[in-house]
Each structure stands twice: as C-alpha cells, then as structure tokens.
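One structure, as structure tokens, below. Some questions next.
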Amino acid sequence: MDVKLGCCNFCIPGGGTFAHEFIVKAGLDGMSVDLGYDYEGFPLMSDQLLAFYVDAGKKHQIKYSNIGCSCFDFIPLAPETSDPKHELAKKCLLAAIHAAEILEAGVIMVPMFNISTIETEDQFDRTVQMMQFACDAAAAQNIMIGAENVLPVEKQIEMVKRVDRKNFGLYYDSQNFAYNSGIDQVAVLDALYDYLVPTIHVKDGTSQSLSGAYLGEGTTNFFGVIEYLKKRSFNGWLISENYYNKYPLRDLAIDPATVFFKDMDILKNAVK
C-alpha cells in the first residue's frame, strides 16, 4: 500500500487556523481544503486566498489531496433547472474545479447528504446530470469528481455507470455507512473498491456519534478497513475527517490539539 496521509482543514483544532503548522507537526503529507459555505463567502472562490494556500503549501512542503464541497449540505446539488439555486450549484462546482487546478488537488469531493440527499429517482437523474457537467468541466485539468453518499451499493454503481465519465468515481468514507445505515464498512468497501477515487475519508465513532472516537476505538471496524486497503495495495490519500474541533471528540483531552496528534499517530501506525 502506497498512501499519503492528511486531514480535512476544517477538522483541525481551531477550525483550520494554522492548519499547515498542524499538518507538519503531525508528520502528515498534506490536507484537503473545503470550498466553504455561502455565509462565509465561499472562501476558495477568492484567487487571493488560493494564492496564499499555494504559498503556504510550498513553504511547509505539503500537498493538497482534494477540494471538498461541504456547501452542498445546505445548497441543493441538483435542484430543478428552473430553481435559481441550480446555477449556484454549478457555480460552486466550477469554483471547486478552479481551486483544484490552482492547488494541484486531483479530486473534488461532492457530498450528497442533508439537503442534497437523493431520495427520489428524479433527484437521482438530476444528480447524474450534474455530475456529468462537473466531470466535463474538470476533464481537461485531469481532475476527478468523487461522489460521497450512502446510497445502496447497487445505486452507487448505477450512478458510476450512468455518469459514464472516466474522471468520475465514488468517495468512500470509513464511518458513513455504519453510522447512517448500520452497514458493515468493509463489506461496502469490497463492493465499491473498483469504483473509488484515490482519496478516502477515515473517521470513527458509534451509531450515535459521528466522528466521536479515536480511530480504531469506535464501532466502525477502522482497522479492518485499513487491512482491506493493504490487501488491495491501495494507492492514494487517506484523509482524516474526525472532527477534532467539535464535541465529543475535542473533549477527550483538555487541549483538542492533543486529541489530533494522538489520532494522527494512530493513523500513521495503522498504515505501516
């Protein structure tokens, strides 16, 4: 297994403040960066901020694994074309692609939860069309679009086949299926492995707590996931999405930074 290790910038203690310093001190290879939310002004839509990220990456000698689009928790990813938010969704995808090009991040993570959860066939069809739009816009830059959701395995594979783009795949998360549906994480990984983008979220918790435990101390079979990836000689990024700046994880130590560094040591030892 040839992996690079990182963390989502918004999960780092301080909500991303001094994220680069945390990454370096933890001995990681890089981090993912999120486009941001509407109420923040979508930070990564700023070319000046992107330039700062480029400079910081060079200064600290770290890479950017992917661009996240958590904004789709609150902005519908695939509304009806008559809905004004349809153009906003496309604007966010194009901005994420632009940010990925500038930061040399090879993957866009597109979550399909909360307001973007797929509940009907019409929503599924519109999501397929939106993914085709994103893939076509990203193809020239060799950027992959990764869909993160907890649809049944059959529907996820159907999505890949329906989108039918070489730069489209699934973005696996090591807790989401157990937390949302009580499904065995390793079984899902085995079923979807051949359709995955080369970037994976790792986190741990229980059926009642999303990202509520150190890696390997929850009920998601984190170490089973890692062993499976080793057997398949996974080549890509493992990105922690444990929320070190949020309850309950941050309360496992007086200083949330202590929790972060301990968890990163667990991750580094697990992949040896």
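Find the residue count for region 108-136, including only residues that are out of contact with any Lys or Arg (no Cβ under 8 Å at 6 or more places or on another chain) and either of a type in the set (S, T, N, Q) or on the phi > 0 side of the Ramachandran plot (or both).
Of the residues in that region, 7 qualify.
In addition: Going by what's in this entry, would PHE133 be described as farther than 26 Å from PHE177 by Cβ, free of Cβ contacts under 8 Å to residues at least 60 places away in the same chain and hydrophobic (A, V, I, L, M, F, W, C)?
Working: farther than 26 Å from PHE177 by Cβ: yes; free of Cβ contacts under 8 Å to residues at least 60 places away in the same chain: yes; hydrophobic (A, V, I, L, M, F, W, C): yes.
Judged against the criteria, PHE133 is a match.
Looking for something within 15 Å of ALA89 (Cα to Cα), over 19 Å from the mean Cα position of the chain (by Cα) and assigned by TED's automatic domain parsing to the domain that holds ALA95 - is there at least one such residue anywhere in region 137-159?
Yes, some residue in region 137-159 is within 15 Å of ALA89 (Cα to Cα), over 19 Å from the mean Cα position of the chain (by Cα) and assigned by TED's automatic domain parsing to the domain that holds ALA95.
Could you list, in sequence order, all residues of region 41-68 that are under 29 Å from LYS262 (Cβ atoms) and within 20 Å of the chain's Cα centre (by Cα)?
If the condition is that a residue be under 29 Å from LYS262 (Cβ atoms) and within 20 Å of the chain's Cα centre (by Cα), then PRO43, TYR53, GLY57, ILE62, LYS63, TYR64, SER65, ASN66, ILE67, GLY68 are the ones that fit.
To continue, here is another question. Considering each of GLY36, GLY14 in turn, give the residue that is within 20 Å of VAL110 (Cα to Cα) and either buried (at least 22 other Cβ atoms within 10 Å of the Cβ) or not assigned by TED's automatic domain parsing to the domain that holds PRO111 (or both).
Values: GLY14 fails: within 20 Å of VAL110 (Cα to Cα).
One residue alone meets the criteria, GLY36.
Does ILE108 fit the bill of being free of Cβ contacts under 8 Å to residues at least 60 places away in the same chain and within 19 Å of TYR39 (Cα to Cα)? Before you say what the answer is, go through the steps one by one.
Numbers: free of Cβ contacts under 8 Å to residues at least 60 places away in the same chain: yes; within 19 Å of TYR39 (Cα to Cα): no.
In short, no.
Among residues belonging to region 118-137 that are buried (at least 16 other Cβ atoms within 10 Å of the Cβ) and among the polar types (S, T, N, Q), point out the one that is farthest from LYS85 (Cα to Cα).
Among residues in region 118-137 that are buried (at least 16 other Cβ atoms within 10 Å of the Cβ) and among the polar types (S, T, N, Q), the one farthest from LYS85 (Cα to Cα) is GLN132.
Listed here are the residues, each with its yes/no results for (1) among the basic types (Lys, Arg); (2) over 23 Å from PRO152 (Cβ atoms); (3) in contact (Cβ under 8 Å) with a residue 12 or more places away in the chain.
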residue: GLY68; (1), (2), (3): no, yes, yes
residue: PHE72; (1), (2), (3): no, no, yes
residue: ASP83; (1), (2), (3): no, yes, no
residue: HIS86; (1), (2), (3): no, yes, no
residue: LEU93; (1), (2), (3): no, yes, yes
residue: GLU104; (1), (2), (3): no, yes, yes
residue: SER116; (1), (2), (3): no, no, yes
residue: GLU119; (1), (2), (3): no, no, no
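In addition: For residues in region 1-26 being among the small types (Gly, Ala, Ser) and at pLDDT 95 or above, which is nearest to LYS203 (Cα to Cα)?
Per the stated criteria, the residue is GLY6.
Report yes if SER65 is under 27 Å from CYS11 (Cα atoms) and surrounded by fewer than 16 Cβ atoms within 10 Å (Cβ to Cβ), otherwise no. Explain how you work it out, then say what you get.
Numbers: under 27 Å from CYS11 (Cα atoms): yes; surrounded by fewer than 16 Cβ atoms within 10 Å (Cβ to Cβ): no.
Here the answer is no, as SER65 does not meet what is asked.
Moving to a separate point now. Please list, ordered by first then second residue, the pairs with beta carbon atoms under 8 Å, 6 or more apart or interchain, first in region 32-52 and closer than 23 Å to LEU5 by Cα, second in a loop (DSSP other than H, G, I, E, B).
Hits for this filter: SER32/ALA105; VAL33/ALA105; ASP34/CYS69; LEU35/PHE42; LEU35/CYS69; GLY36/PHE42; LEU44/LEU35; LEU44/GLY36.
Restricting to region 233-264, give me the number of residues that are acidic (Asp, Glu) and either within 24 Å of ILE108 (Cα to Cα) or under 20 Å from the mean Cα position of the chain (by Cα) (or both).
If we filter region 233-264 for residues that are acidic (Asp, Glu), which is where we start, we get 241, 251, 255, 263.
Narrowing the set further to residues that are either within 24 Å of ILE108 (Cα to Cα) or under 20 Å from the mean Cα position of the chain (by Cα) (or both) leaves 241, 263.
Within region 233-264, residues that are acidic (Asp, Glu) and either within 24 Å of ILE108 (Cα to Cα) or under 20 Å from the mean Cα position of the chain (by Cα) (or both) number 2.
Kindly evaluate ALA78 against the criterion of being modelled with pLDDT of 95 or more and in contact with a Cys (Cβ under 9 Å, 6 or more places away or on another chain).
Details: modelled with pLDDT of 95 or more: yes; in contact with a Cys (Cβ under 9 Å, 6 or more places away or on another chain): no.
Against the criterion (modelled with pLDDT of 95 or more and in contact with a Cys (Cβ under 9 Å, 6 or more places away or on another chain)), ALA78 does not qualify.
Could you say which residue among ASP164, ASP190 is modelled with pLDDT of 95 or more and either at positive phi or of a type in the set (Ser, Thr, Tyr) (or both)?
Values: ASP190 fails: either at positive phi or of a type in the set (Ser, Thr, Tyr) (or both).
Exactly one of ASP164, ASP190 is modelled with pLDDT of 95 or more and either at positive phi or of a type in the set (Ser, Thr, Tyr) (or both), namely ASP164.
While we're here: For region 111-120, state whether one or more residues are farther than 17 Å from LEU28 by Cβ, in a helix (DSSP H, G or I) and of a type in the set (A, V, I, L, M).
From region 111-120, those farther than 17 Å from LEU28 by Cβ are 111-120; that's our starting set.
So of that shortlist, the ones also in a helix (DSSP H, G or I) come out as 114-116.
Checking the rest, the ones that are also of a type in the set (A, V, I, L, M) come to 115.
Yes, because at least one residue in region 111-120 is farther than 17 Å from LEU28 by Cβ, in a helix (DSSP H, G or I) and of a type in the set (A, V, I, L, M).
The values are calculated or read from the model by the stated rules, or taken from the named source; none is laboratory data. A quick note: this is a predicted structure, and the numbers were derived from the prediction, not measured. Backbone-built Cβ (ideal geometry, glycine too); neighbour counts: all protein chains shown.
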